[in-house]
Structures are given as C-alpha cells and as structure tokens.
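Working notes, beginning with the structure itself.
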Amino acid sequence: MLRELRRRWRSYRYRFVPWLALNLRRQRRTLRYVPESSQDKIIADEDVFETLLKIFKALFINDFSRQAEILALLPEVKCQYLELLTVEQKRSKVNSCNHQSQHVFSPEEVLFNTLGFAVSRDRSSLVSAGTGVFVTKGFVPKGTVVSMYPGTVYRKHEPIFFQSLGNPFIFRCIDGVLIDGNDKGLSRSVYRSCSRRDQLGPFQMSDESWLTATLQNPLAVGQYVNNCSHEKTANVCYQEFDVPGHFPVELKQYLPNIVYSHDIERLAANERAHRFV
C-alpha cells in the first residue's frame, strides 16, 4: 500500500499547489517568468487565428457532405465554401460537378495536407509519463501551432474541486482561468453536458470528439503534451489565445473548449494552443 501511495504521489505532486509553493527554488530551471501577459507571445494572435481558420476550413470542406443542414441556414457562407470546394476538387483532379465523388481524408491527412505535418497521441518515450504526443508525419517549422489544449474552461470562482481530485489535466492559465482537459470520469460528463447545453440547432459550439479515440480536430491533443524532464528538454511551449467573437459560427464545431457557466460571454471562452518553438 505504501508503495502505491508513493507512486500516486510522484505522478500527482507536480499538480499539488502547496508542493509547488514549497519547491519553487529547487525547480527554478522549469519556471517561466512572464512580467506582462502581453509579452507572453511567440507569434501574433492574428497568425494563430489564421492557422485555426485554415485547418478548420479544410476540415469543413473535407466533411462537406455532412454540413448540409448548417449550410442551408447560411446561404452566403455556402457559396463561399462551394467555391473553395471547387478549387480543392480541381487541385485533387476530382470532378467539380459531382460533390458525391469527393474523396474524404482522415482528419490527420487533412492536417498534413494543410499544414505539412501530422500529430497523434501514443505511449510516451519518457519513463512513467503515460501518453504523449508525437509528430508522425512531415516537418513542423518554428513558430507553428501544433496542438490545442481541450477541456472545460472555469473562471476563478467556479466549482472545480471534485473534478480536480486525482486529476493531472487541470491547466492554469496566466489570468487564473482553469481548463480541465481530462477526457474521463466526471470531467468528461461535465464537458459533454455543457457542450450540448450550448448547441444552437444544427450549430455545435464545441467539439466533443477529443473525448474519444476518433478525433474530429486532430490538433485537440494538447493535454497529452508532456513537460520537459532532466533527460529531455521541451521542444514546445504554450501560448494563450482568446477566440474572437467574430469566429465563424460554422467552424466552432472544431473548437475543443466549452465554458462552464452558461452566462459567460463567448469572448471569455479561452482556447489555448501549444506552439512549436
């Protein structure tokens, strides 16, 4: 029993606030000092926004046949996507008049075809690190968004005690906002409940597929990106990004975050992206 308690403590202690407070000096090399949130940017938010639009539009077009109900309510948007689909079909040497003949790629293939690389979850090469995230195909240039941290977004005063018990996936942002990226247990149930609560007819306000083994958004693996160790230095770091209010409603189905409180403005829904450095 004592051995099991020690094992659990070793895996959880880095998320235990009092432990962190007592050991900050010992772990100084892993600290990240940010004097102002505005300086915590590796690339501009505009570039993050454009990257997300690019991959989400590609995913939308790849799954075009399933979007009929949404596009019926957005005739102007439908015309834009039909033009994009025609261009894509010509590029792929597919008959542009026959939408049924469109070849459907997997989300990982769409990511590779759009950004030039693919990532996936797999067993970590770090000892006792569990699951990790790997580049499985292609090359990732410096300053590229490689994943997003999915989960339920909580403000400082909102209840997260029971969800946090034994949960190593609670991510604390610079502004104190918490993101619960656990895809199991109570955390999973809370996310699904909030996601379905906010759905507007055929418009999904968030992505639930990151809770499963089949991802709709291949970037929604950020909670499994491991920290650096004494043996291996980190090759990614996180950057916080607030999704703007004018984000296309038809593409919100790929956002892997949902706010816990229904009365929060959608501008307060913080999507976090890990970024290659």
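The values are calculated or read from the model by the stated rules, or taken from the named source; none is laboratory data. Quick caveat: nothing in here was measured; it's all calculated off a predicted structure. In this analysis, Cβ positions are derived from the backbone assuming ideal geometry, glycine residues included, and neighbour counts consider all displayed protein chains. Just so you know, the surface numbers come from the protein's heavy atoms only, side chains and all, with ligands and any DNA or RNA stripped out. Shrake-Rupley method; radii C 1.70, N 1.55, O 1.52, S 1.80 Å.
For the residues E208, E50, a 1.4 Å probe over the protein chains yields an accessible-area ranking, largest first, of E50, E208. Residue by residue, the stretch 67-84 carries 3J(HN,Hα) couplings of 9, 4, 5, 5, 5, 5, 8, 10, x, 5, 5, 4, 4, 5, 6, 5, 5, 5 Hz when phi is fed to the Karplus relation 6.51 cos²θ - 1.76 cosθ + 1.60 (θ = phi - 60°); x denotes Gly or Pro. Protein-only accessible surface at a 1.4 angstrom probe places the residues T136, T51, T214, T131 in the order T214, T136, T131, T51, largest first. Summary of the geometry: the stretch 230-248 and the stretch 148-224, compared by the centres of their Cα atoms, lie 16 Å apart.
Provide Rg over Rh for the stretch 144-269; use the alpha carbon set for both Rg and the Kirkwood Rh (inverse mean inverse pair distance). So for the stretch 144-269, dividing Rg by the Kirkwood Rh gives 0.95. Figure note: Y254, Y260 ranked by solvent-accessible area, largest first, 1.4 Å probe, ligands and nucleic acids not counted: Y260, Y254.
The string of couplings for the stretch 154-164 from the Karplus curve (6.51, -1.76, 1.60, θ = phi - 60°) is 10, 7, 4, 8, 8, x, 9, 4, 5, 5, 7 Hz, one whole number per residue in order, with x for Gly and Pro.
Whole-Hz Karplus values for the stretch 191-201 come out as 4, 4, 4, 5, 5, 6, 4, 8, 5, 10, x Hz, taken residue by residue from phi with 6.51 cos²θ - 1.76 cosθ + 1.60 and θ = phi - 60°; glycine and proline positions read x.
On a per residue basis, the stretch 165-249 carries 46 Å² of accessible surface, using protein heavy atoms and a 1.4 Å probe.
Rolling a 1.4 Å probe across all protein chains gives S193 an accessible area of roughly 70 Å².
Counting only heavy atoms of the protein chains and using a 1.4 Å probe, T233 has close to 120 Å² of accessible surface. Here the label points at S120 and D47, each 7 Å from Cα along the C-beta direction, are separated by 2.9 nm in the simple model. Computed with a 1.4 Å probe over protein heavy atoms only, the accessible area of K184 comes to about 120 Å². Between the amide H of K137 and those of A118, distances stay under 5 Å, these residues lying 5 or more places away or on another chain, with hydrogens modeled in the peptide plane. For the stretch 113-191, a simple Cβ point-charge model (Lys and Arg +1, Asp and Glu -1, everything else neutral) yields a dipole of about 140 debye relative to the Cα centre. Near the amide H of D207, within less than 5 Å, lie the amide hydrogens of L255, N257, all on another chain or at least 5 residues away, with H placed in the peptide plane.
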